[in-house]
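Values in this text are rule-based calculations from the coordinates and carry no lab data. Everything numeric in this text was worked out from a predicted model, so none of it was measured. Glycine gets a Cβ as well: all are built from the backbone with ideal geometry, and neighbour counts include every protein chain shown.
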Amino acid sequence: MGTYHEDQDDPPFLLLVGSSGGHLAQLLALRSWYEHWHRCWVTFDTPDALSLLADEEVVTAHHPTTRNVRNLLRNAVLAVRVLRRRRIAAVVTTGAGVAVPFVVFAWLRRIPTVYIEVYDRIDTPTLTARLCRPFLSSMLVQWEEQRRHYPEATVVGPLL
């Protein structure tokens with residue numbers, strides 16, 4: 001990945017950030033929306049994620065992220081590096097922990113940030129959504145019931 005310079009005519013990229021597994025599956029369900037964008041993915045180097053994204057540009061993040069301060073710091077450095085090297089139009093994420101440093105550093109760089117709350121958390125908000133919420137441009141939810149926790153959110157319906 002080369003360094004981006006303002007005078008280049010590089011197209012803007014979508015940065016799609018999600019842990020492997022269900023978080024990634026929900027981002028992949030948005031294919032018809034993002035397929036015409038230049039994009040880069042941030043996820044873990046698990047066999048399923050790398051297989052699903054075989055034809056995509058992928059930046060591998062450090063995991064596990066739960067209760068792992070070392071990997072949080074490593075992912076923060078990674079976020080700064082990725083966000084400085086690309087002309088990012090927006091960061092779109094479904095979580096989980098890997099999303100936090102990317103959302104925060106995108107917000108600091110005034111890059112729009114979109115969080116999509118996962119479909120299976122209806123009664124309580126996810127920790128990642130609560131941590132990212134102050135830094136978001138848009139909050140999207142998949143069920144009307146989720147708006148109890150995020151009254152400002154837009155309901156987009158189930159992705160899966």
With Cα coordinates, the longest principal axis of the chain makes an angle with the long axis of helix 69-85, in degrees rounded to 10, of 60 degrees
Spelling it out for residue 113: with amide H atoms placed in the peptide plane at 1.01 Å from N, the residues 5 or more places away or on another chain with amide H under 5 Å from its amide H are 91, 137, 138
For region 1-102 the trypsin sites (Lys or Arg not before Pro) that pass both the DSSP coil test and the at-most-14 other-Cβ-within-10 Å test are 67
When the charge dipole of region 13-155 is computed with +1 on Lys and Arg Cβ and -1 on Asp and Glu Cβ about the Cα centre, the Cα farthest towards its positive end, among 17, 108, 72, belongs to 108
Residues whose built amide H sits under 5 Å from the amide H of residue 88, excluding neighbours closer than 5 in sequence, are 13
For region 144-160, Karplus-derived ³J(HN,Hα) couplings (6.51, -1.76, 1.60; θ = phi - 60°; whole Hz; x for glycine and proline) come out as 4, 4, 5, 5, 4, 8, 9, x, 7, 6, 9, 7, 9, x, x, 7, 10
Toy charge model, Lys and Arg Cβ at +1, Asp and Glu Cβ at -1: the chain dipole around Cα centroid in debye, rounded to 20, equals 680 debye
Any residue on another chain or 5+ positions along whose placed amide H is under 5 Å from the amide H of residue 44 is listed here as 20, 61
Most packed first (mean Cβ within 10 Å per residue), the peptides 10-19, 125-134 order as 10-19, 125-134
Computed over the chain: longest principal axis from alpha-carbon atoms vs helix 99-108 long axis, angle to nearest 10 degrees, is 70 degrees
